[in-house]
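S.K.: First the structure, then my questions, so here it is.
The values are calculated or read from the model by the stated rules, or taken from the named source; none is laboratory data. Keep in mind it's a predicted model, so treat the numbers as computed, not measured. FYI the Cβ positions are ideal-geometry reconstructions off the backbone, even for glycines, and counts take in every protein chain you see.
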Ligand code: NAP
């Protein structure tokens, strides 16, 4: 039985990847941070909490990273941990550089010293590409437009460096946006479905959004974690773009979600708020994943429409169950 260690177990991708690896028969270890509140909702909802060995570690703290590696004796290490919200990176640029950028180096260096034969996956991001037009692939240049994108560029290059200099089997998945009912509620897709459900169940009357004209290549997180695993099963380490090849605007997502929620015209309850727009944004991101499709045999399965429908249904169900609890 193989051992896998996931940094960032408690996040959206950590939940899907741990479930995926458990189904493949892995012994799954995952790291979490100490918090004052419950941080395992996603694993609880997936019913995998008891099947995963949970280890306390923080990417700011090298000794906790090393002990996670020593405890888990991993065949495969997945670094999903990051300050992952682009918007927050403008307010907390130094923390973002430290965790999202340097944190990756701390993991790589701990691997080099303690477990150099472990295979390593780095969660790179389409935000590294920035704002020049065209469909992006593995050869496109990086011109990030946020502290988050810049930190991910550092993490990407340092992963490549450890592969070349120390022969670590290290791969970067350059993933375009991927969403699910487990997406954090600060991210625009979940902000939309979560707030629609709050309005439907009379917990709120309105909500605000920033740039609704931004276009992104949105896939389903459950499909994308399979690509992470496939990268580590290849003969040689490499980097791959993972995307759907379609882009849709925030406005399209909002319109479709409102339709699935049966709530009429979104203009009645959404306010456009310039104060939450980013100092610099990316107009459109769209990826070409043909290398992954050809070499890994991977392809996205869930359509954009089904993704939106699933997220709306999940959040409506969440509030419907609680409504029944309050009323019965
Ligand atoms: P997420 O839901 O925000 O999860 C991030 C994870 O990192 C959480 O488990 C979080 O723990 C952990 N973390 C944050 N700060 C940490 C620290 N100082 N030490 C240790 N762990 C820390 O993000 P996601 O959507 O699953 O994304 C997974 C990875 O892929 C991230 O690196 C993200 O930047 C990258 N990525 C995501 C997308 C996307 O569209 N989802 C696209 C490209 C790349 P807490 O639960 O305690 O906060």
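S.K.: Out of 226, 205, report the one residue that is over 16 Å from residue 315 (Cβ atoms), out of contact with any strand residue (DSSP E or B) (no Cβ under 6 Å at 6 or more places or on another chain), modelled with pLDDT of 95 or more and outside the structural domain of residue 319 (by TED's automatic domain parsing).
M.R.: Numbers: 205 fails: outside the structural domain of residue 319 (by TED's automatic domain parsing).
That would be 226, the only listed residue that is over 16 Å from residue 315 (Cβ atoms), out of contact with any strand residue (DSSP E or B) (no Cβ under 6 Å at 6 or more places or on another chain), modelled with pLDDT of 95 or more and outside the structural domain of residue 319 (by TED's automatic domain parsing).
S.K.: If you don't mind, there's one more thing I want to ask. Can you tell me which of (1) buried (at least 20 other Cβ atoms within 10 Å of the Cβ); (2) under 30 Å from residue 270 (Cβ atoms); (3) modelled with pLDDT of 95 or more is the one residue 191 doesn't meet?
M.R.: (1)
S.K.: Report whether or not residue 4 is in contact with a helix residue (DSSP H, G or I) (Cβ under 6 Å, 6 or more places away or on another chain), in contact (Cβ under 8 Å) with a residue 40 or more places away in the chain and more than 9 Å from the ligand (Cβ to nearest atom).
M.R.: yes
S.K.: Then there's this: Looking at 123, 88, 97 in this structure, which one is within 13 Å of the ligand (Cβ to nearest atom), modelled with pLDDT of 95 or more and more than 13 Å from residue 156 (Cα to Cα)? Can you show your working first?
M.R.: Values: 123 fails: more than 13 Å from residue 156 (Cα to Cα); 97 fails: more than 13 Å from residue 156 (Cα to Cα).
Criteria check complete, one pass: 88.
S.K.: Looking at residue 49, is it without any contact (Cβ under 8 Å) to a residue 24 or more places away in the chain, more than 8 Å from the ligand (Cβ to nearest atom) and surrounded by 13 or more Cβ atoms within 10 Å (Cβ to Cβ)? I'd like the intermediate steps shown before the answer.
M.R.: Details: without any contact (Cβ under 8 Å) to a residue 24 or more places away in the chain: yes; more than 8 Å from the ligand (Cβ to nearest atom): yes; surrounded by 13 or more Cβ atoms within 10 Å (Cβ to Cβ): yes.
Criteria met by residue 49.
S.K.: Within region 284-295, count every residue that is closer than 20 Å to residue 128 by Cβ and over 20 Å from the mean Cα position of the chain (by Cα).
M.R.: Summing the residues that are closer than 20 Å to residue 128 by Cβ and over 20 Å from the mean Cα position of the chain (by Cα) in region 284-295 gives 2.
S.K.: Please list, ordered by residue number, the helices (runs of 4 or more DSSP H) wholly in region 213-328 having 2 or more residues that are within 16 Å of the ligand (Cβ to nearest atom).
M.R.: Those helices (runs of 4 or more DSSP H) span 221-231, 250-260, 304-327.
S.K.: Another question, if that's okay. Between a residue in region 29-41 that is touching a residue at least 12 places away in the same chain (Cβ under 8 Å) and any residue that is outside any loop (DSSP other than H, G, I, E, B) and within 8 Å of the ligand (Cβ to nearest atom), which pairs come within a Cβ distance under 7 Å, given they are 6 or more apart or on different chains?
M.R.: Note: pairs meeting the criteria are 30/14; 31/7; 39/32.
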